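Shown next, in structure tokens, is the structure this report addresses.
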Amino acid sequence: MGLTPEPGDLEPLSPEQAKIAEKVKSRLGDAYRGERVFRGQLSLYISPQSNLDALRFLKTDPELLFEMLTDVTSVDKLPYLEPGEPRFEVVYNLYSLTFNRRLLVKAPLPDGTPIASATALWGTANFLEREVYDLMGIVFTGHPNLERIVTADGWLGHPLRKDFPTQSDQFPNVET
């Protein structure tokens, strides 16, 4: 079980997707962790330490031009963790206006490990990363204003984590 699709549900890379994956792999080297196509959507897996290099390359390379960051989100895989697998996954949803194509860039991240902010590349990352920080507790280093954006001031915990209490009498509530 888990959050990984069944091998039979994965699709082979199209020639265009294979070209994108190979280009990023040649740029990142060992920081490139792999690729997967599920329901037609290409996902590239990268080392969290190389996220800025990968994102900058995807945004500026003339053959790729993923100019738009449409979302930053994360996944807490706590109930479905395989042995040795990081708890979180930070997901960047990119779009190329020039080539009309989408790409997911995923960085597996152990609990408590920060990841570099993409605000220097896209201004939209500011609020998107703040939301991920607030709801999941993932810290983005170099963020210009990393503070809560959804929950109340003084809120304790991160409500989208899988270990956050679900009963109202269990809520840590807010600081007093």
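Descriptive notes on the structure:
- Taking the numbered list (1) at pLDDT 95 or above; (2) farther than 27 Å from Glu131 by Cα in turn, Leu52 passes all entries but (2).
- Residues that are in contact (Cβ under 8 Å) with a residue 40 or more places away in the chain, surrounded by fewer than 13 Cβ atoms within 10 Å (Cβ to Cβ) and not in a loop (DSSP other than H, G, I, E, B), drawn from the stretch 58-85: Leu78, Pro79
- Top-ranked residue in the stretch 127-176 [being buried (at least 16 other Cβ atoms within 10 Å of the Cβ) and basic (Lys, Arg); ranked as modelled with the lowest pLDDT]: Arg161
- Matching residues, the stretch 25-43, being hydrophobic (A, V, I, L, M, F, W, C) and touching a residue at least 40 places away in the same chain (Cβ under 8 Å): Leu42
- Some residue of the stretch 138-145 being of a type in the set (A, V, I, L, M, F, W, C) and touching a residue at least 40 places away in the same chain (Cβ under 8 Å): yes
- Total residues in the stretch 119-133, condition assigned to a helix (DSSP H, G or I) and not charged (D, E, K, R): 6
- Note on the stretch 1-57: residues that are hydrophobic (A, V, I, L, M, F, W, C), in a helix (DSSP H, G or I) and in contact with a helix residue (DSSP H, G or I) (Cβ under 7 Å, 6 or more places away or on another chain) total 5.
- The requirement of being touching a residue at least 40 places away in the same chain (Cβ under 8 Å), more than 24 Å from Phe140 (Cβ to Cβ) and surrounded by 15 or more Cβ atoms within 10 Å (Cβ to Cβ) is not satisfied by Ile46.
- Of residues in the stretch 86-113 being in contact (Cβ under 8 Å) with a residue 24 or more places away in the chain, outside any strand (DSSP E or B) and more than 17 Å from Arg161 (Cα to Cα), the one nearest to the chain's Cα centre (by Cα): Leu97
- Within the stretch 116-126, considering residues that are among the aliphatic types (A, V, I, L, M) and over 13 Å from the mean Cα position of the chain (by Cα), the one surrounded by the most Cβ atoms within 10 Å (Cβ to Cβ): Leu121
- Conditions (1) at pLDDT 95 or above; (2) under 28 Å from Val37 (Cα atoms): number failed by Gly84: (1)
- Among the numbered conditions (1) within 26 Å of Lys25 (Cα to Cα); (2) surrounded by 17 or more Cβ atoms within 10 Å (Cβ to Cβ); (3) among the hydroxyl-bearing types (Ser, Thr, Tyr), the only one that Thr113 does not meet is (2).
The values are calculated or read from the model by the stated rules, or taken from the named source; none is laboratory data. Just so you know, these numbers come straight off a predicted model, no measurement behind them. With ideal geometry, Cβ positions are generated from the backbone for all residues, glycine too; neighbour counts draw on all protein chains shown.
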